[in-house]
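Quick notes on the structure that follows.
The values are calculated or read from the model by the stated rules, or taken from the named source; none is laboratory data. Worth saying up front: this structure is predicted, and the values here are computed from it rather than measured. Glycine also receives a Cβ, built like all others from the backbone with ideal geometry; neighbour counts cover every protein chain displayed. Just so you know, the surface numbers come from the protein's heavy atoms only, side chains and all, with ligands and any DNA or RNA stripped out. Shrake-Rupley method; radii C 1.70, N 1.55, O 1.52, S 1.80 Å.
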Amino acid sequence: MSLYQELYTYFMDRCVNVRLTGYRFFKIDTTGEFFVILILGIFLGIFLASLAVIYQKRYLGRFITRLQQKSAFSEENAQSLADLGLARSLLIRHNLQSQGSVMRKLIRLVTPEKADVPEAAEKCEGEPSAEKKKKPRVSLRETIDFESTRFYIPEELRYRAEFRFRRRGSTPLLILFSFLLCAALSVIFILFYPDLIRLADNTLGLFM
């Protein structure tokens, strides 16, 4: 039997096909396959979440970073996507149209009529409607004319935006580190989860 076959057999017998029985406080009626899949799913989710954060900071965060570089912290200094060199970015446009996105909550829109869109929307919501029983439908998406609309970061949200989208700690090297860390932790937990469950069962026995 080759080394690979021996390792595979050891892995299957210890981690996948093992019957988790003999515990005093844990009633587990399943094989280790469930825990292997669970552990892999958890660490895959952690890795994908870290990828999403890095992607948001390095790609979508360019919009916030360039607004800061242009000192766009007031309506007078508001910048269009063309001014920022991002007129062709479809993903940034899509993100700006979503009123529930983090990036959208940190900026304000200025239309050609110098109207601050979020503030105008709040005023409209405060006005009494003709039919009180009928509530207006709220849409999380908004059609924006990116050719003429300009954007800025309000002064009170300036430092929050800087902290939320700072590029430090979002390098490609961090992606590799996150992958290796998640892979290593997955292997460790998969190899030793039976011992960890046994340890937890014995620890509970000390207090019962």
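I'd like to know if segment 1-15 contains one or more residues that are farther than 24 Å from G205 by Cβ, of a type in the set (A, V, I, L, M, F, W, C) and in a loop (DSSP other than H, G, I, E, B). Yes, segment 1-15 contains at least one residue that is farther than 24 Å from G205 by Cβ, of a type in the set (A, V, I, L, M, F, W, C) and in a loop (DSSP other than H, G, I, E, B). Taking each residue of segment 98-123 that is at pLDDT below 85 and looking for partners that are open to solvent by 50 Å² or more (accessible area, probe 1.4 Å) and of a type outside the set (D, E, K, R) with beta-carbon atoms closer than 6 Å, six or more apart or interchain, yields Q99/L140; G100/L140. Checked against the criterion of being open to solvent by 30 Å² or more (accessible area, probe 1.4 Å) and assigned to a helix (DSSP H, G or I), the candidates I37, I92, I54, I28 yield just one match: I37.
Within segment 95-109, the set of residues being touching a Phe, Trp or Tyr at 6+ places or on another chain (Cβ under 7 Å) and open to solvent by less than 10 Å² (accessible area, probe 1.4 Å) comprises M103, I107, L109. The set of residues from segment 131-151 being farther than 22 Å from Y55 by Cα, open to solvent by less than 60 Å² (accessible area, probe 1.4 Å) and modelled with pLDDT of 80 or more comprises I144, F146, S148, T149, R150.
Checking each residue in segment 172-203 for being surrounded by 13 or more Cβ atoms within 10 Å (Cβ to Cβ), modelled with pLDDT under 85 and either hydrophobic (A, V, I, L, M, F, W, C) or outside any helix (DSSP H, G or I) (or both) picks out L174, I175.
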